[in-house]
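Could you have a look at this structure, given as structure tokens, before my questions?
Every read-out reported here was derived from the displayed coordinates using simple, explicitly stated rules and does not represent laboratory data. Predicted, not measured: the structure shown is a model, and the values here were computed from it. As a convention, Cβ positions derive from the backbone with ideal geometry for all residues, glycine included, and neighbour counts pool all protein chains shown.
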Amino acid sequence: MKRRAFLRDTAGLLGASLAPSLPGVAPQQPGSPPGRKPNIVLIVADDLGYANMGSQGLKDIPTPHIDSLAKNGVRFTNAYVSCPVCSPTRAGLMTGRYQQRFGHEFNPGPAEQADGNFGLPLSEVTLADRLKTLGYSTGAVGKWHLGYRPEFHPQKRGFDEFFGFLGGAHPYFTAGSGNPILRGVEPVEEKEYLTEAFAREAGSFLDRRKNSPFFLYLAFNAVHAPMQAPERQLARFATLADPQRRTYAGMLGALDDAVGLVLAKLRQAGLEQNTLILFVSDNGGPTRVTTSRNDPLDGYKGQVLEGGIRVPFLMQWRGRLPAGRVYDRPVIALDIHPTVVAAAGGTLPANLDGVNLLPHVTGDQQDEPHQALYWRFGAQYAIRQGDWKLAKIAEEPPRLYNLARDIGESKDLAAVHPDKLRELEAAYSTWNRQLAAPRWGRPDRRGQPRLQQGVQKRARELE
Ligand code: CA
């Protein structure tokens, strides 16, 4: 049976296949009545590179709250996003589909320069749309970056509530900013450090919505530039000598505290057992700009090398998923949409590229979630098939890497394994033929669209 048909046919059975709870898993707590659909909390970090948490080897900045998700849930070591920059990745995340299928290939640039077409096409169904139809209350807090015009506003794309900003970047101290923070569609004056404000609003949403199934999409702009941290966090990291690293530590420290606040709220409400919590970054670190590290990976935000697209990804659901599991097979953020819909008891549509990861992480399903993963970002492209990866990142010929032996993409094997190179090229071409043309390009400095912007030698600060 074909994978999609299998998933479609089995999606409705998932709730049954996961019940009763795994051996050794505590029963549901008060506040989470039996039979209630799980709550969903999807936390997105911004520009948080692969190495940026204690559970992935970070030493100089503690991240205990983020790490607790790995300790109490599943940590993915081969998790990707579908683009090395912000907006396209979010389009894939929200739809469960490769965003190039509907022309959402590039960032738009700031609102005043963006192409008039920019916005997650209205033909696409978002994760919030689907959860609404399953009876969830839905809230978006933080960075949107999926359209500036009114028809693309979060509250037109399945969310009951929105607090945040529509663009791709925002200062953390917002007084005097010309890029408004919105509550719904109304600009508001925000006085708190933005990461703390988003945690406050997330807590408010949980307080108000905890009595029925909810979906909270919490998209921090931390740890994206600009480099701004609150004094209290800077004081924590006074021993870090490099001022850029110290500021970054303050930004990451604030993000980790914000995650801790959300987890504490869920715990206090007795909802932790019945809440599926996902944590993912939208792309790799722009290391020279922020110090966000990607090691041991090569490359940065904006590149289809591993450092641009392989990201931290954690999934906790204490009532259902094993604790402390490390999952090493390749997965992609496109999987979040179908995983969440399946957890909520919905039926998966046939046009998704992502797959439901729950049976894979419980061990019920042993095969690879994906035969191959693909990337196209202007002139750059890549495919991963098993341990092999083809990456075309510049004007030079495509490179071939074996990631099992060479996670840092240091040895180009194209000349050693020409047959494998041709095989991957052919598989990529088959996929590429299914894609649409980009609907917009990111404007250059003169405001002109740049559709062929693929080769990026420097990480961008503003997107
Ligand atoms: Ca980003």
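If amide hydrogens are placed 1.01 Å from N in the peptide plane, which non-local residues have theirs closer than 5 Å to the one on Leu48?
Result for Leu48 returns Val223, Asp282, Asn283.
Using a basic spin-label model with each label point 7 Å from the Cα along Cα→Cβ, how many nm lie between Thr347 and Ala111?
Distance between label points: 4.0 nm.
Restrict the search to region 98-198; then list the GluC sites (Glu not before Pro) that DSSP places in a loop and that have at most 13 other Cβ atoms within 10 Å of their Cβ.
Listed in order of number, the matching sites are Glu112, Glu189.
Find, among the trypsin sites (Lys or Arg not before Pro) in region 150-245, those assigned to loop by DSSP (not H, G, I, E, B) with at most 16 other beta-carbon atoms within 10 angstrom.
Answer in residue order: Lys191.
Express as a percent, rounded to the nearest 5, the fraction of DSSP beta bridges in the chain (both residues included) that run antiparallel.
Looking only at bridges with both residues in the chain, the antiparallel portion is about 50 percent.
Next question. How large is ³J(HN,Hα) for each residue in region 333-343, as worked out from phi by the Karplus curve 6.51 cos²θ - 1.76 cosθ + 1.60 (θ = phi - 60°), to whole Hz, x for Gly and Pro?
Once θ is set to phi - 60°, the couplings for region 333-343 become 4, 4, 6, 5, 4, x, 4, 5, 4, 5, 4 Hz.
Continuing with this model, one more query. Quick one: go through region 199-234 and flag any residue whose amide nitrogen is under 16 Å from the point 7 Å out along the Cα-to-Cβ line of Phe173.
226-234
Could you line up Thr430, Thr275, Thr174 from fewest to most neighbouring Cβ atoms inside 10 Å?
Lowest to highest Cβ neighbour count: Thr430, Thr174, Thr275.
Let me check I've understood the local charge: for Leu134, count other residues with C-beta under 15 angstrom from its C-beta, Lys and Arg +1, Asp and Glu -1. What total comes out?
Counting the neighbours of Leu134, the net charge comes to +3.
Right, next: Could you give me the ³J(HN,Hα) list for region 209-216, computed from phi with Karplus coefficients 6.51, -1.76, 1.60 and θ = phi - 60°, whole Hz, x at Gly and Pro?
Here the 3J(HN,Hα) series is 10, 6, 8, 8, x, 9, 10, 10 Hz.
Taking the C-alpha atoms of the chain, how large are the radius of gyration and the largest Cα-Cα span, Dmax, in Å?
Looking at the chain, its Cα Rg and Dmax stand at 20.8, 61 Å.
Beyond 25 Å, what share of the Cα-Cα pairs of region 119-220 remains, rounded to the nearest whole percent?
Counting every Cα pair in region 119-220, those more than 25 Å apart make up 17 percent.
Can you list which of the trypsin sites (Lys or Arg not before Pro) found in region 45-151 are DSSP loop residues with at most 15 other C-beta atoms within 10 Å?
Passing both the DSSP loop test and the Cβ count: Lys59.
Along region 44-60, what does the Karplus equation 6.51 cos²θ - 1.76 cosθ + 1.60 (θ = phi - 60°) give for ³J(HN,Hα), rounded to whole Hz, x for Gly and Pro?
Result, rounded to whole Hz: 10, 9, 10, 6, 8, x, 3, 8, 8, 7, x, 5, 10, x, 5, 10, 8.
While we're on this one: Residues in region 276-306, backbone N under 14 Å from the label point at Ser410 (7 Å along the Cα-to-beta-carbon vector): list them, ranges by number please.
295-299
Computed from the mean reciprocal separation of all distinct C-alpha pairs, what Kirkwood hydrodynamic radius does region 302-390 have, in Å?
Numbers: mean 1/r = 0.0690 Å⁻¹.
Value: 14.5 Å, from the Cα pair sum.
Please say if region 160-277 is rounded, prolate or oblate, where rounded means a/c under 1.5 for a ≥ b ≥ c the square roots of the C-alpha gyration tensor eigenvalues, and otherwise the choice is prolate for a/b larger than b/c and oblate otherwise?
oblate
Considering only the other residues whose Cβ falls under 14 Å of the Cβ of Glu423, what net charge follows from Lys and Arg at +1 and Asp and Glu at -1?
Residues near Glu423 contribute +1 overall.
Then there's this: Please give me the summed charge of the neighbours of Arg267: other residues whose Cβ is under 13 Å from its Cβ, Lys and Arg +1, Asp and Glu -1.
+2
Oh, and also: Tell me, what is a quarter of the convex hull surface for the C-alpha atoms of region 210-295, in nm² with one decimal?
It is 7.0 nm².
In whole angstrom, how long is each semi-axis of the equivalent ellipsoid of region 228-343, when you take the square root of 5 times every eigenvalue of its Cα gyration tensor and sort them from largest down?
Numbers: eigenvalues 158, 100, 22 Å².
Semi-axes from the Cα gyration tensor: 28, 22, 10 Å.
Tell me which residues come under 5 Å, amide H to amide H, from Gln273 once H is placed; ignore anything under 5 positions away on its chain.
Here the answer is Gln29, since their amide H atoms fall under 5 Å of that of Gln273.
Still on this structure: So for region 107-148, Kirkwood radius off the Cα pairs, Stokes-Einstein at 20 °C and 1.002 mPa s: how many µm² s⁻¹? Intermediate values should be presented prior to the final figure.
Details: Rh = 12.1 Å.
For these conditions, the coefficient is 177 µm²/s.
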